1. Could you say which residue among Phe238, Phe193 is among the hydrophobic types (A, V, I, L, M, F, W, C), in contact with a Leu (Cβ under 7 Å, 6 or more places away or on another chain) and under 30 Å from Tyr279 (Cβ atoms)?
2. One residue is enough: does the range 199-207 have a residue meeting the conditions surrounded by fewer than 22 Cβ atoms within 10 Å (Cβ to Cβ), over 24 Å from Lys270 (Cα atoms) and of a type in the set (D, E, K, R)?
3. On the basis of being in contact (Cβ under 8 Å) with a residue 24 or more places away in the chain and part of a helix (DSSP H, G or I), does Ala120 make the cut?
4. Do you know which residues across the range 161-181 are touching a strand residue (DSSP E or B) at 6+ places or on another chain (Cβ under 7 Å) and over 18 Å from Ser89 (Cβ atoms)?
5. For residues that are outside any helix (DSSP H, G or I) and either in contact with a Lys or Arg (Cβ under 7 Å, 6 or more places away or on another chain) or not assigned by TED's automatic domain parsing to the domain that holds Ile111 (or both), scanning just the range 61-83, find the one that is nearest to Ser9 (Cα to Cα).
6. Please state which one of Ile188, Ile196 is in contact with an Asp or Glu (Cβ under 6 Å, 6 or more places away or on another chain), assigned to a helix (DSSP H, G or I) and closer than 30 Å to Glu41 by Cα.
7. Only one residue in Ile247, Ile215 is crowded, with 18+ Cβ neighbours inside 10 Å and in a strand (DSSP E or B). Which one?
8. Please enumerate the residues belonging to the range 250-296 that are surrounded by 15 or more Cβ atoms within 10 Å (Cβ to Cβ) and aliphatic (A, V, I, L, M).
Amino acid sequence: MNKVLEELSLIGIVPVIKIDDAKDALPLAKALIDGGLPCAEVTFRTAAAKDAIKAISEAYPEMIVGAGTVLTPEQADIAAEAGAKFIVSPGLNPEVVKHCTEKGYPIVPGINNPTGIEQALSLGLDTVKFFPAENSGGISMIKAMSAPYGGVKFMPTGGIGPANIKDYLAFNKIIACGGSWMVKADMIAAGDFDGIRKLTEEAVATMLDFKLVHIGVNSDDENEADESAKTLEKAFGFARDERTKSIFASSAIEIMKSKGMGTHGHVAIKTSNVDRAVYHLSRKGFEFDMSTATYAPDGSMKFVYLKNEIGGFAYHLVK
């Protein structure tokens, strides 16, 4: 997969924005970056698209800004010259795809059926846009098409929002989802960029879906752990579940049989995607102890500890 698309897969959500006035480009880009989504697909449905892409690319070079609704090779060139780092089209036009490939522009063309996938494969692509996603069968359709095309990745757009984005991103063939619910046209027109930032933060939180799994408590030895577990069972009815290195009191408290990670213990936080969570938390300044990371057969991260304790407890992410 192209490096630009790899980073988009870590970001997880690509805001699809329509800018009518180029003066809105920079405050909008800042709102997205501050909200946790340093990327955008600026659609070529307005005359301001080129200037908007250029302004964002120059002011925020760290932002992955792309051009959407690209219908011709000429538009692709204009977008790339303005600073677009990737190209998206609503359908698959072989002429546009070949041109972008020859020029070295990462392109994600739109498809919504197996024929489109085979066209993309014949043109050397392995990532496609599924559009319009909900109207074309949604996540069920993507899963059905993935069966015979195991190497193909998807970036669905159309009808995706807070209510269903977790369903889409839970499928490992989807690298990211395009959406516009956090960049509503009326909010851009009204200059409500702080509102856009807040919606962006909410979108990231919904996507990462952090949940407390359990709290681990350190003990000096196995006898202390056993005594603690028996006390919790007697007091609260928390059933004991003995494991090799610990004893669970219900599923929420893990009593370690020795001094484990953290001064007092550890806290397990579940997330929808550990790689994506590491990316977003790293942007906020958190560091990770990568020596503790474990991985699934497909190379995705399953588990990792934060580098620093919080309140005397070590924290780890788990899928």
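1. So the residue among Phe238, Phe193 that is among the hydrophobic types (A, V, I, L, M, F, W, C), in contact with a Leu (Cβ under 7 Å, 6 or more places away or on another chain) and under 30 Å from Tyr279 (Cβ atoms) is Phe193.
2. Scanning the range 199-207 turns up no residue that is surrounded by fewer than 22 Cβ atoms within 10 Å (Cβ to Cβ), over 24 Å from Lys270 (Cα atoms) and of a type in the set (D, E, K, R).
3. yes
4. Let us first name the residues in the range 161-181 that are touching a strand residue (DSSP E or B) at 6+ places or on another chain (Cβ under 7 Å), namely 161, 165, 168-169, 173-180.
Within the range 161-181, Gly161, Ile165, Tyr168, Leu169, Lys173, Ile174 qualify.
5. Selected residue: Ile64.
6. Details: Ile196 fails: in contact with an Asp or Glu (Cβ under 6 Å, 6 or more places away or on another chain).
Being in contact with an Asp or Glu (Cβ under 6 Å, 6 or more places away or on another chain), assigned to a helix (DSSP H, G or I) and closer than 30 Å to Glu41 by Cα holds for just one of Ile188, Ile196, which is Ile188.
7. None of the other options fit; the residue is Ile247.
8. Ile253, Ile255, Met256, Met261, Val267, Ala268, Ile269, Val274, Ala277, Val278, Leu281, Ala293
The values are calculated or read from the model by the stated rules, or taken from the named source; none is laboratory data. Note that the structure is predicted; figures quoted are calculated from it, not measured. Reconstructed Cβ throughout: ideal geometry from the backbone, glycine too, with neighbour counts over all protein chains shown.
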